[in-house]
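The structure under discussion appears below in the form of structure tokens.
What follows is calculated from the coordinates using simple rules that are stated; it is not laboratory data. This one's a predicted model, so the numbers in the text were calculated from it and none came from an experiment. Please note: Cβ atoms are built from the backbone with ideal geometry, for glycine as well, and neighbour counts cover all protein chains shown.
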Amino acid sequence: MPTSDAPAAGTGRSRLEHLLRDLDAMLKQPYAFDVFATDSVNFGVLTTYRQTWESQSYQVGDLVSTIPLAPKEVRRYTTRRVDKRTRAQKEVDENLRTQRTDTSDTGRVESEIVDKASKKTNFRLTANESFGSDETMKVTAEQVVGGSQEKESQNTKRAFHESVRKSAQEYRQQHRTEIDTTSASEYEETTYQEIQNPNDELTVTYVFYELQRTYRLSERLHALTPVVLVANDVPAPDAIDDSWLVAHDWVLRRAILDDSFRPALDYLTKSFVGAEVNISILQANAEGQKKVVESIGEQVRAQRGVLSASEREVLSAVQQLGSSEQQQGFIDIVKGIFDPLGIAGTSDTGAVDAAELMVDYAKEARDRADRERARLLDQFTLAVSALQVAIDKLSTAVREHYDNVAAVDRLRVHVKENVLYYMQAVWSHEPPDQRYFRLYDIDVPMVELASDGVTVEVRRDAGSLADDLLGREIGAVDLPLPETQVVTRKLADVADLDEVLGYKGNYTIFPLRQNTYLTLRMMEDYLEVGDDLVLRDPDEFAQLTAEELAEIAAALHERDPDRFDELVDRIRAALVEKAASPRTGSDLVVVPTTSLYVDALVGTHPLLEDFKLIHRALDVKKVQADVRHQELENLRLARRLFGGKDDDPDIDKNIVVTEGVGVVVDTD
């Protein structure tokens, strides 16, 4: 594959696109082999060989165990065979995310404004008048005018404000996936045995071997079957798509070559559609949540502007209040100078009160804007968390989906590379009736003879080397090409469509109902015409070993030396060819058994003391003397028997009583 457009490191998306593009290019490439046209027909001959297994001798295999035993030692042993297979798979995916926000805000404003003004004016006017003198008449008058004016003004304003805002939010996400698969199979076989060493002085080692059996394997030509081959349709490489896999998944599950492709097949048939729908739903959810976040973000930004404006209004109101109080103080100073008696009345405080009300209103508006901003921020945090969760779910689903998409494409490439294997599995699972009605109407061109036969002249032929070695007389004829004609027949008339003999490529092999001229010509080398029509292997030496061929040549040398001299070069060439040929007449096959073979290895050094060894030797001599004594006794008894004494020699005395004769006692 060209690598000029290979993605740079770190560009995951481009690597995925590159991988999927390469897999798609591989699927579009043509097959590396040729297939026959659909419904095309061919003829052939199916050769069947039969194997013969001849039992040979037993032999020992691998060493299994050894048991050394001292003299008179007894050991009990147990043979325990356990076949245990356990497969456990556990996959845990756990994700826990908790977010908790708890906000408590209490604001209290308590102000008491006391504006207290006290003005007090005291005046006293005294006038003294006197008339006359002291000598005549003196009149004194005193007039006192006094007055006290006090003015007290008090303005008390009490404002109390308390705001409580408490916000609590908790977000908890937990995702747990646990897959626990366990399969176990166990087979146990236990046998108890006892083994002992019967010797008093020698050690014995018992050796256990695996027992094997040998077979002589040979093959012989058994049958010839004329067949017709019908080509089936093979899908194009780009036709092996997802729908094709879904249509044949039940066959693929039975014939899959590698279990690593099963998850991709399961995903395609069970989860593919649901995964894409789930991704669409998750994508729509993420987009909707994103719009919610953007909307709340816009509201937060707008509320920040409102709060800034409120703060400016508070500042402006405070400044206006300060200006009003400053103006009121200046007026009071001027009035105190020019109207100390307060004749003009009290000063007007309405502007200051209005300014104070404006400050309070601006602060309340600012507090409301701040609370609204806090509420929107809480909603924004929650919306962002929900958006992150939606993005995580979407990314997980997309990752799993594209991983499985790549696995499905890998499965498609695998099926494409082994398409004949899987198509043969598909064809083998086709119902017989369905296969019959799919193929029965195919036209088959048949080559038939136009005449009944021809007259030929048989002549003697030199024959092959095998004929010469075996002493067979072979005749030869020249067969002229007969007149033939091509006749079109239906496949159901010439083949047994209910019996499938096998597959070759995209060919299905059916047996012919009758032999045809073409198949008969194919079978000429396998037929031997004599008194009976028999089958023979064209390679007659294929069933013979080099040793057997040499024995046949030796037999010919003894029977006909002259003929052997004529064939010696051909025999030598045949022996060389046979020795170099990979095909042998027979093979020796070793088959292990479930049994054991036991052998005993006796120790060479006795373990007795010298005294016991000497005593054992004397015991042997004593036994030898007893044997010699018994042999001599047997000779004496034989001599007694030949002397005519056939009575029992082991009696102590023998008394014989006769008439008119005294008693004779023979004590031998």
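So here's what we get for this one:
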read-out: D (Stokes-Einstein, µm²/s), Kirkwood Cα radius, region 195-238, 1.002 mPa s at 20 °C; value: 111 µm²/s
read-out: Neighbour-count ranking [beta-carbon atoms within 10 angstrom, fewest first] of Val35, Val534, Val230; value: Val534, Val35, Val230
read-out: FRET efficiency for Glu311 and Thr396, using Cβ-Cβ distance with R0 set to 56 Å, rounded to 0.05; value: 0.80
read-out: Long-range HN-HN contacts of Leu596 with modeled amide H, under 5 Å; value: Leu211
read-out: In nm, spacing of pseudo-spin labels at Arg301 and Asp496 (7 Å Cα→C-beta vector); value: 8.5 nm
read-out: Vicinal HN-Hα couplings computed from phi for region 266-274 (Karplus, 6.51 cos²θ - 1.76 cosθ + 1.60; Hz; Gly/Pro x); value: 5, 5, 5, 8, 10, 10, 5, 5, x
